[in-house]
Amino acid sequence: MEKFIDLIRKSGFKGELANDDETIEFYSHDASLFEIKPELVATPKNSSDLQGLVELVKANKSNLPNLSITGRSAGTCMSGGAVNESIIVDFQHFDEVHEVTKNHAWSQPGVFYRDFDMATKKLDVIMPTYSASRDLCKIGGMVANNAGGEKSLEYGKTENFVEELKVILADGKEYTLGPINRNQLVKKMAQKDFEGRVYKQMFDLCEKYYDKIKKAKPNVNKNSMGYNLWDVWDRDKGIFDLSKIIVGSQGTLGLVTDAKFRLVPIKPHSGLLVLFLKDLDDLGEIIPKVLEHKPATFESFDDQTLLLSIRFMPSFLKILGPKKF
């Protein structure tokens with residue numbers, strides 16, 4: 001790895017590289033139960049830095065077969081998506097919200113959702129798919145794990161709000177992925193390059209197994225598991241959208257450098273109904289009855305969960321601060 005680190009430095013990489021014990025220990029954890037120690041933590045300054053790093057990994061993979069890259073935003077995902085045994089890429093320098101309008105916003109993956117939220121609320125709009133870690137998570141992680149939290153019953157998940165993505169694929173080049181029509185798809189597939197092959201192979205896969213893929217889509221309100229093949233190709237509308245398979249893929253298919261989100265108006269009022277149950281067995285009858293009335297959110301927890309939250313309240317206070325708490 002030391003020789004590879006020298007290669008990165010000689011390549012003109014402008015960001016930071018670290019493999020000291022303290023850094024390695026910190027990045028061996030995220031919010032999951034897993035612990036995997038990486039060999040290197042790279043913090044690219046910009047997309048060019050990251051493209052160069054991916055190209056180096058590709059060029060040296062045959063000599064160093066264990067080389068791999070895992071993207072990391074805030075590390076709040078509980079599935080272990082932000083840890084690996086090779087190279088962790090920290091997106092902390094990708095921290096700019098480019099543009100916000102009444103309808104959409106462009107943001108880099110290293111932006112905290114709380115800052116993104118503050119920027120959109122100035123125009124009385126919101127991206128409502130935030131998770132419970134809304135004050136701690138970042139935009140990149142929300143795309144990577146297809147975040148959906150308390151408002152997912154009403155609004156769905158992050159996939160419903162992603163309009164376009166800028167993604168660095170395995171060839172080390174950055175592409176803009178989003179919905180294209182049949183004519184645009186035919187032109188993409190005719191390209192004699194890496195991008196053309198990706199579009200051609202993905203279309204062939206989705207078309208060959210179209211009915212099976214569509215049938216496999218889970219009929220649930222919330223599903224954060226990738227890969228969402230069933231949303232890539234729509235025969236009836238003639239729309240092909242590779243961004244759909246990137247959302248929820250945990251960075252395994254490409255590294256997102258920019259994201260365009262659809263925004264919705266903030267609702268000025270809300271209400272809260274609290275029910276206390278003596279027996280959780282009644283929950284099975286209550287849930288479908290409540291859902292008939294289309295609630296914006298629906299949460300349930302038992303006394304043990306409540307006691308656990310009370311136990312960790314000092315930690316929440318320390319992390320969030322008095323006002324948020």
Tell me, what is the 1.4 Å probe accessible area of residue 136, in Å² to the nearest 10? 70 Å²
Ranking 206, 165, 181 by how far each Cα lies towards the positive end of the charge dipole of the stretch 151-238 (+1 on Lys and Arg Cβ, -1 on Asp and Glu Cβ), the top one is 206
Order of exposure, largest accessible area first, which applies to 233, 106 with probe 1.4 Å: 106, 233
Taking Cα atoms, how many degrees apart are the long axis of helix 313-324 and the longest axis of the chain, rounded to 10 and kept between 0 and 90? 90 degrees
Which value, in Å², gives the accessible area per residue of the stretch 1-93 when a 1.4 Å probe is used on the protein heavy atoms? 53 Å²
By accessible area (1.4 Å), largest first, 98, 293 order as 293, 98
Given a Förster radius of 45 Å and the C-beta distance between residue 19 and residue 308 as r, what FRET efficiency does 1/(1 + (r/R0)^6) yield to the nearest 0.05? 0.80
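Can you give the FRET efficiency for residue 26 and residue 173, using 1/(1 + (r/R0)^6), R0 = 25 Å, r = Cβ-Cβ distance, to the nearest 0.05?
0.20
Using Cα pairs closer than 8 Å and at least 6 residues apart in sequence, work out the relative contact order for the chain, in percent.
Computed over the chain, the figure is 17 percent.
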Cα lying deepest toward the dipole's positive end in the stretch 18-164, options 40, 100, 111, charges on Cβ: 100
Please get the size of the charge dipole for the chain, origin at its Cα centre, with Cβ charges of +1 on Lys and Arg and -1 on Asp and Glu, quoted in debye to the nearest 20. 1080 debye
Given a 1.4 angstrom probe, what's the average accessible area per residue across the stretch 270-325, in square angstrom? 97 Å²
For the stretch 257-325 and the stretch 99-121, what is the separation of their C-alpha centers, rounded to whole Å? 23 Å
Gaussian network model of the chain, Cα within-10 Å springs - most flexible of 143, 247, 264: 264
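Beta carbons within 10 angstrom, averaged per residue: use that to sort the peptides 207-217, 43-53, 17-27, highest first. Spell out each step's value before the answer.
Details: 207-217: 12.0, 43-53: 18.5, 17-27: 13.7.
The densest-packed peptide leads the list: 43-53, 17-27, 207-217.
Quick check: convex hull over the Cα atoms of the chain, volume per residue in Å³, rounded to an integer?
Once divided by residue count, the hull of the chain is 175 Å³.
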Using a probe of 1.4 angstrom, how much of the accessible area of the stretch 168-304 is carbon and sulfur, in percent? 55 percent
Round to a whole angstrom and tell me the spacing of the C-alpha centers of the stretch 156-214 and the stretch 1-64. 28 Å
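The values are calculated or read from the model by the stated rules, or taken from the named source; none is laboratory data. Here the structure is a predicted model, which means the values were calculated and not measured. Cβ coordinates were reconstructed from backbone atoms using ideal geometry, including for glycine residues, and neighbour counts include every protein chain displayed. What goes into the accessible areas is simple: the full protein's heavy atoms, side chains included, and nothing from ligands, DNA or RNA. Shrake-Rupley method; radii C 1.70, N 1.55, O 1.52, S 1.80 Å.
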